[in-house]
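Trainee: Structure below; questions to follow.
The values are calculated or read from the model by the stated rules, or taken from the named source; none is laboratory data. Nothing here was measured: the structure is a model prediction, and the numbers come from that model. Positions of Cβ are backbone-derived with ideal geometry, glycine not excepted, and every protein chain shown enters the neighbour counts.
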Amino acid sequence: MKKELLIKYLNNKCTEPELIDVLSWINADALKEEGENWVFEDWNSYQESNNLEDDELFTFIFDKIQKKIDNSTQENSRAANKALITLPSLIQWITKAAAVLLIPVLAFLFYTLSEKRIDSDKLAKLAVDSIEVVAPKGSRTVVQLSDGSEVHLNYGSRIKYPQFFSGNTRNVVLTGEGFFKVAHNPEKPFIVKAGKLNIKAVGTTFNVLAYPDDDVIETTLVDGKVILEQIRLNESNKTIGTMNPGQHVEYNVLSGNIFSTKGKVEKYISWTTGRLIFDDTPILQVTERLSRMFNVDFEIKEEIKDYIYTVTLDDESLSQILDLMTIATPVVYEALPREKLLDGTFSKQKVILKKRK
């Protein structure tokens, strides 16, 4: 049987001979391969819609069928008392009986299409919904992404990402510092947007430091390969370099200058295990790290701003670190108490570092 004839039947436009052919097909062949293929084609071509009119149309159709069934029952009861049934009335009765038989099919299609529409809506919503995870100052956080990638967030950092990655790329937004272990997927690159820089990888381990108050974005590659792209408004992003394992790159967002070094990767990623490694590091950079780690403000007097430190710290407290600084260099510190604010909260602690007299 041709599909057009079945459509004609569903629109109640069949002649009596065509009607007999359709009913014969429903009885003998509807559930065979041809019928299944038609259902499959309709399924694939179905366009999901949230239009309320669709639901109202389905309801109207079912109400109409139910009404015809009720009428059919009454007419069949009266017809049982008649001795003769003419061919036209027989065909009419068969038509109504066929409608009864088709109710489970229509109900199944209605349920299936509705479920498909609901599932599609859920997936579409999940594709655009984003999650943001924040590591408060004074703590670190580990985030597991849906693709199997793992992200360590340093103190005061945050990452924004979709619940499920869709499209041709896996995009996340980083503010602060994060250590990434990217699940390998060459078909879908992993892109970290950090300020004005994109760090693009496939299956790679790397560190990104991009606090909003800093003029420099730092990327350190442990293994694999990453591509650095400059994000430009109203223009295509510009590739500024490809990194190799063991390379550390500093990108100045103001000047566009790039500074690259090789080796000593450990000092840039040791924070993930609670260790701080300073290697000829100026005191301003040391206190900047400590400020995020312990959520305190530092005031550095002018006479000691050229001091540098080479030291490894393993989960020491702030007071222990400050004591070590006074031993290594001629400095003293004063830790001021927190002040109670008008809203009932307390200010950040302030530490003053100055030269020992």
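Trainee: Mind listing whichever residues of segment 308-337 are among the acidic types (Asp, Glu), farther than 18 Å from residue 137 by Cβ and outside any helix (DSSP H, G or I)?
Mentor: Within segment 308-337, 314, 334 qualify.
Trainee: OK, next. Name the single residue that is farthest from residue 267 (Cα to Cα) among those in segment 215-237 being surrounded by fewer than 13 Cβ atoms within 10 Å (Cβ to Cβ) and charged (D, E, K, R).
Mentor: Per the stated criteria, the residue is 235.
Trainee: It is to be established whether one or more residues within segment 338-351 are outside the structural domain of residue 195 (by TED's automatic domain parsing), of a type in the set (Gly, Ala, Ser) and in a loop (DSSP other than H, G, I, E, B).
Mentor: For segment 338-351, residues outside the structural domain of residue 195 (by TED's automatic domain parsing), of a type in the set (Gly, Ala, Ser) and in a loop (DSSP other than H, G, I, E, B): present.
Trainee: Now for a separate question. Take the residues in segment 323-345 that are among the β-branched types (Val, Ile, Thr) and either under 15 Å from residue 306 (Cα atoms) or in contact (Cβ under 8 Å) with a residue 24 or more places away in the chain (or both); name whichever of them is surrounded by the most Cβ atoms within 10 Å (Cβ to Cβ).
Mentor: Looking at residues that are among the β-branched types (Val, Ile, Thr) and either under 15 Å from residue 306 (Cα atoms) or in contact (Cβ under 8 Å) with a residue 24 or more places away in the chain (or both), I get 331.
Trainee: If you don't mind, there's one more thing I want to ask. Can you tell me which residue within segment 108-157, out of those that are of a type in the set (Val, Ile, Thr) and within 26 Å of residue 202 (Cβ to Cβ), is modelled with the lowest pLDDT?
Mentor: Only one residue fits best here, namely 128.
Trainee: Looking at segment 262-278, can you tell me whether even one residue there is more than 28 Å from the chain's Cα centre (by Cα), crowded, with 18+ Cβ neighbours inside 10 Å and closer than 17 Å to residue 321 by Cβ?
Mentor: yes
Trainee: Does segment 204-233 hold any residues that are touching a strand residue (DSSP E or B) at 6+ places or on another chain (Cβ under 8 Å), farther than 14 Å from residue 177 by Cβ and of a type outside the set (D, E, K, R), and which are they?
Mentor: Looking only at segment 204-233, we keep the residues that are touching a strand residue (DSSP E or B) at 6+ places or on another chain (Cβ under 8 Å), and these are 204-212, 215-232.
If we keep only those that are farther than 14 Å from residue 177 by Cβ as well, we get 204-205, 215, 221-232.
Residues satisfying the conditions are 204, 205, 221, 222, 224, 226, 227, 228, 230, 231.
Trainee: Continuing with the same structure: Could you please find all residues in segment 325-347 being farther than 16 Å from residue 299 by Cα, under 42 Å from the mean Cα position of the chain (by Cα) and of a type outside the set (Lys, Arg)?
Mentor: Answer for segment 325-347, where residues must be farther than 16 Å from residue 299 by Cα, under 42 Å from the mean Cα position of the chain (by Cα) and of a type outside the set (Lys, Arg): 339, 341, 342, 343, 344, 345, 346.
Trainee: A further question follows. Which number in (1) under 29 Å from residue 334 (Cβ atoms); (2) of a type in the set (A, V, I, L, M, F, W, C); (3) touching a residue at least 60 places away in the same chain (Cβ under 8 Å) marks the one condition that residue 269 misses?
Mentor: So the condition that residue 269 fails would be (1).
Trainee: Can I ask one more? Could you list, in sequence order, all residues of segment 238-251 that are surrounded by 13 or more Cβ atoms within 10 Å (Cβ to Cβ) and over 17 Å from residue 223 (Cβ atoms)?
Mentor: 240, 241, 250, 251
Trainee: Then there's this: Give segment 298-307 a look and list any residue that's part of a strand (DSSP E or B) and surrounded by 14 or more Cβ atoms within 10 Å (Cβ to Cβ), or say none.
Mentor: 298, 300 - these are the residues of segment 298-307 that are part of a strand (DSSP E or B) and surrounded by 14 or more Cβ atoms within 10 Å (Cβ to Cβ).
Trainee: Hey, another quick one. If I filter segment 181-191 for residues that are assigned to a strand (DSSP E or B) and touching a residue at least 40 places away in the same chain (Cβ under 8 Å), do I get at least one hit?
Mentor: Within segment 181-191, one or more residues are assigned to a strand (DSSP E or B) and touching a residue at least 40 places away in the same chain (Cβ under 8 Å).
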